[in-house]
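Throughout, read-outs are computed from the coordinates displayed, never taken from laboratory work. If you're wondering where the values come from, they're calculated on a predicted model, not measured in any experiment. Here Cβ is always computed from backbone atoms with ideal geometry, including for glycine, and neighbour counts include all displayed protein chains.
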Amino acid sequence: MSDAEATAPTLDEMRSFYREMLLQRRFEEAAARVYTQGKIGGFCHLYIGQEAVGTGAIRALRPDDYVVTAYRDHGHALSKGSSSRAVMAELFGRSTGTSQGLGGSMHLFDVDRGLLGGYGIVGGHVPLAAGVAFASKYRGDGRVTLCFMGDGAVNQGVFFEAMQLASLWSLPVVFIVENNLYAMGTPLSMQTPVEDISLKAVPFGMDRDRFEDRDVFEVRRRVGRAVDRAREEGRPTFLEVLTYRYRGHSMSDPARYRTKEEVEERRLRDPLLFLEQRIKDAGAGGDLAAIEESVAAEVEDALEFAENSPPPDPEVATRFVYA
């Protein structure tokens, strides 16, 4: 993935990216609905508003590359190729889910597609991603690890340790901060004295970049540069992508720390609407209804599949623990 990606996307690409982002949006809206009905338990962190980051970034990877992420992971799983059925079933805690119903919303895992979690501890997965990249370097398999995190994770001690080792050992890893401006309910200005989070890469001599997520193809291009650098030169990169979530931190968060005016202003810059307009400008606006219908059918099928899937056998609870 090189700067050749700066060329204008084809109409087929625009349709494909739009469908992927819309699937994540409708999937999350459905998850929110059934969560309030008590069909999903535990914590549930929605990706609504941030779809361009995961979609663009993961499209810059090869299918055999790895993704390690935090607990806002539904969109990443769908972009990495996990089926909407399996992801929804995991949210429902059913045996047909990506983690056999044992992980739930925050712990999606699909090794066949290179998705190595879904982790609930803030920042705790960042050194794991460095470890995965170390394994790739040791084996010489040519794979790149993409590590997503929220802006709150960059203030954890293990984050700095992982950055230090990734740079020192020249690991093929790309760290991506999805900066949605709030760590839970704490605004960026109260978390860190430096607004430009990408500057945290400087002490480690690590390449960095900082950009907004409005254009999903720009996300793919900028992440693609970092992926190329990791694969071809063995150099890690730290990326800050400015984004925004339209819902609270989790389903239990009413987000009263934000004004309605702020949220509505950000909705006008929705990357999904931006791509929708590009498709219309390309003369293919008539395709949008069919894409919407296809996505709605897929989400409805996923809900039905999850509802009708059995829960895990109680015996499974002890199968994956040490004795």
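Apply 1/(1 + (r/R0)^6) to the Cβ-Cβ distance of Val202 and Glu262, taking R0 = 41 Å, and write down the FRET efficiency to the nearest 0.05.
It comes out at approximately 0.85.
Run lengths n ≥ 4 of DSSP H only: what is the helix-derived mean residue ellipticity at 222 nm for the chain, with -39500 (n - 2.57) per run over all residues, to the nearest 500?
Calculated at 222 nm, the ellipticity per residue is -13000 deg cm²/dmol.
Find how much the distance from Met190 to Phe274 grows on full extension, using 0.36 nm per residue of separation minus their present alpha carbon separation; answer in nm with one decimal.
Here the segment from Met190 to Phe274 would lengthen by 27.2 nm.
Whole-Hz Karplus ³J(HN,Hα) for segment 314-319, in order, using 6.51 cos²θ - 1.76 cosθ + 1.60 and θ = phi - 60°, x for Gly and Pro?
x, 4, 5, 4, 9, 6
Taking the simple approach of a point 7 Å from Cα along Cα-to-Cβ for both Thr10 and Arg319, what is their distance in nm?
Here the answer is 4.2 nm between the modelled labels.
Which residues' amide hydrogens lie under 5 Å from the amide hydrogen of Arg208, considering only partners 5 or more residues apart or on another chain, with H built in the peptide plane?
Answer set, sorted by chain and number: Phe238.
Convert each backbone phi in segment 104-119 into a coupling constant with the Karplus relation 6.51 cos²θ - 1.76 cosθ + 1.60 (shift: θ = phi - 60°), then list the ³J(HN,Hα) values in order as whole Hz, x for Gly and Pro.
Rounded to whole hertz, the list is x, 3, 8, 10, 6, 8, 9, 4, 4, 10, x, 8, 9, x, x, 9.
Counting only complete DSSP H runs, which helices of the chain cover 27 Å or more along their long axis at the Cα atoms and score a mean Kyte-Doolittle of -0.5 or above?
287-308
Sort 298-304, 41-47, 21-27 by the packing proxy (mean of other Cβ within 10 Å over each peptide's residues), most packed first.
In descending order of packing, they fall as 21-27, 41-47, 298-304.
So what are the ³J(HN,Hα) numbers for segment 172-180, from phi and the Karplus equation (6.51, -1.76, 1.60; θ = phi - 60°), rounded to whole Hz, Gly and Pro as x?
Once θ is set to phi - 60°, the couplings for segment 172-180 become x, 9, 10, 8, 10, 8, 8, 7, 9 Hz.
Compute the distance from the alpha-carbon center of segment 94-138 to that of segment 235-254, in whole Å.
Rounded to whole Å, the Cα centres lie 18 Å apart.
Collect residues whose amide H, placed 1.01 Å from N in the peptide plane, falls under 5 Å from the amide H of Ile176; neighbours closer than 5 in sequence don't count.
Cys147, Phe148, Met149, Leu239
Give me the percent relative contact order of segment 7-303, please, defined on Cα pairs under 8 angstrom at least 6 residues apart.
Worked out over segment 7-303, it gives 22 percent.
Using per-residue counts of other Cβ atoms within 10 Å, averaged over each peptide, order 90-99, 8-17 from highest down.
Taking the mean over residues of other Cβ atoms within 10 Å, the ranking is 90-99, 8-17.
Starting with the highest mean, order 179-185, 205-211 by the number of other Cβ atoms within 10 Å, averaged over the residues of each peptide.
Taking the mean over residues of other Cβ atoms within 10 Å, the ranking is 179-185, 205-211.
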